[in-house]
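First comes the structure, then the notes that go with it.
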Amino acid sequence: MNNQIVIKAHYNAGMAKTPLKPKATQKPARKSTAATAPAMSKEETGFLQTLGERVRGLRARRGLTRKGLSAASQVSERHLANLETGVGNASILVLRQLADALDLPLAALLGDTTTSSPEWLMIREILQGRNEYELRTARVALGTALGQSAP
């Protein structure tokens, strides 16, 4: 072939030669999930940012890098980074994986006030696994020690 461009042709019913047009090989554009997801309220955005700051702070307090927590929790670094910056909206199962890797109760990640100080955490640890009678006895003793009457 003498450097000639060969054009493939097909014959239609009228036997006329019609050059084939190249078919588009592009895939149709995917719909963006951001465009279809409802916008978050300021309250929801604030909650996710606070949650992310809490996760980052707890990770740092334990001396873990993002990569280390990612490996320990089996949560991808990218997902963890999105969560820590308040961009990601993690499922409860992902939060549970992170809490387990940080050796914390899930409530600590969610901001339970009884996990906000070492004293609260120690009280919870003392009471963990106690039966109803022991919990009532502890509550009455604590109430008495703090000058509150127990019902």
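Assorted remarks:
- Hits in region 88-97 (condition: modelled with pLDDT of 90 or more, open to solvent by 60 Å² or more (accessible area, probe 1.4 Å) and under 20 Å from GLY46 (Cβ atoms)): ILE92
- The set of residues from region 134-148 being open to solvent by less than 90 Å² (accessible area, probe 1.4 Å) and part of a helix (DSSP H, G or I) comprises GLU134, LEU135, THR137, ALA138, VAL140, ALA141, GLY143, ALA145.
- From the options LEU109, LEU51, LEU80, LEU104, residue that is of a type outside the set (D, E, K, R), modelled with pLDDT of 95 or more and open to solvent by less than 80 Å² (accessible area, probe 1.4 Å): LEU80
- Within region 110-136, residues that are closer than 15 Å to ALA99 by Cβ reach partners that are open to solvent by 90 Å² or more (accessible area, probe 1.4 Å) and modelled with pLDDT under 85 with beta carbons closer than 6 Å, at six or more positions or on different chains, in the pairs THR114/TRP120.
- Count of region 116-133 residues which are part of a loop (DSSP other than H, G, I, E, B) and over 30 Å from the mean Cα position of the chain (by Cα): 2
- Every test in (1) of a type in the set (A, V, I, L, M, F, W, C); (2) within 30 Å of MET40 (Cα to Cα); (3) open to solvent by 90 Å² or more (accessible area, probe 1.4 Å) is passed by ILE126 save one, and that test is (2).
The values are calculated or read from the model by the stated rules, or taken from the named source; none is laboratory data. Given the structure is predicted, the values throughout are model-derived calculations rather than measurements. Note: ideal-geometry Cβ built from the backbone for every residue, glycine included; neighbour counts use all protein chains shown. Accessible surface areas use protein heavy atoms only, side chains included; no ligands, DNA or RNA. Shrake-Rupley method; radii C 1.70, N 1.55, O 1.52, S 1.80 Å.
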